[in-house]
Amino acid sequence: MANEQSPFHGLEVEDNPVLKVSAQEQTLQQDLEQHMQHFRALPDACDEVEKAKLMLDIAECHLGLDQQAEAHDWARDSFVLFIEHDQWQSAVDACDIIYNSNQDDALVALANGIWLAVTFPIDPNVSVQLLHYIVDETPDDSDGAAVAAMLAHYLAETRSSDKDHKNLTFLSNQIIAQVAKRHRGIEDEQTLQTWIKMYELDDIEKLLPKMAVILETIVDDDWWYDRDAIRERLPIN
């Protein structure tokens, strides 16, 4: 017979918030199990790009489940394959997951991802997101945040589709306003334009070298690919 005096009497599992699992977590766990089954069933001679995409899906599930170390390792391994096969968009997506996994190489992953995102015409939504991370990572008085914000706006303006242009440029303008306010306390449009001119932030020929310096500082020579070899394969060459 149950002890009605027990403090545990009548306790339902769903009454304990520690034991609750959200519907989203259940879905992620199910997706992860399916992806792992698929991965384990891959033949040795499978398509490496498809394999890497599956690894990235696994990494994304781990990240959603807050399993950061696992997310990092799967994304890092997929990144290597994406680079080997010139899959630049997917490589940048992998860098995004690695950064958000909060491991020791998070900032290095971010810088590697940004270099690819600027070099190749990947999804500008992802490019703006990565550059926004730079803004978040830099001190309020850092010129680097201003460079990242303006480069995000340039990519939003020049690379977004007609469908995405309005929303993405609105976001990039908000990022610029955020940086100007914290950098110099600027809140009005006229002063904002003066600030942009003063720091030559509207000159892409000067903006890109400034971003290159920022990335070099972050990476500290830990590039995950041969940039010179990639440059030689670009259409402009």
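The values are calculated or read from the model by the stated rules, or taken from the named source; none is laboratory data. Predicted model, so just to flag it, every value in this text is computed and none were measured. Counting neighbours? That spans all protein chains shown, and the Cβs are built from the backbone with ideal geometry, glycine included.
Scan the stretch 155-194 for residues that are over 28 Å from the mean Cα position of the chain (by Cα) and in a helix (DSSP H, G or I) and jot them down. Correct list: Glu189, Gln190, Thr191, Gln193, Thr194.
For the stretch 89-99, the set of residues classified as surrounded by fewer than 17 Cβ atoms within 10 Å (Cβ to Cβ) and in contact with a helix residue (DSSP H, G or I) (Cβ under 7 Å, 6 or more places away or on another chain) is empty. Within the stretch 114-124, one or more residues are in contact (Cβ under 8 Å) with a residue 40 or more places away in the chain and among the aromatic types (Phe, Trp, Tyr). Only one entry of Asp66, Asp47 meets the criterion of being at positive phi and surrounded by fewer than 17 Cβ atoms within 10 Å (Cβ to Cβ), and that entry is Asp66.
Condition check ((1) in contact with a strand residue (DSSP E or B) (Cβ under 8 Å, 6 or more places away or on another chain); (2) more than 24 Å from Asp136 (Cβ to Cβ); (3) acidic (Asp, Glu); (4) not assigned by TED's automatic domain parsing to the domain that holds Trp88) across all residues:
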| position | (1), (2), (3), (4) |
| --- | --- |
| Thr169 | no, no, no, yes |
| Lys181 | no, no, no, yes |
| Thr194 | no, yes, no, yes |
| Leu201 | no, no, no, yes |
| Glu216 | no, no, yes, yes |
| Ala229 | no, yes, no, yes |
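If the condition is being surrounded by fewer than 19 Cβ atoms within 10 Å (Cβ to Cβ) and either among the charged types (D, E, K, R) or within 20 Å of Tyr199 (Cβ to Cβ) (or both), then the stretch 129-157 contributes Asp136, Glu137, Pro139, Asp140, Asp141, Ser142, Asp143, Glu157. Within the stretch 57-79, residues that are outside any helix (DSSP H, G or I) sit with their Cβ atoms under 7 Å from residues that are surrounded by fewer than 17 Cβ atoms within 10 Å (Cβ to Cβ), at 6+ positions apart or across chains, in these pairs: Leu65/Glu25; Leu65/Gln29.
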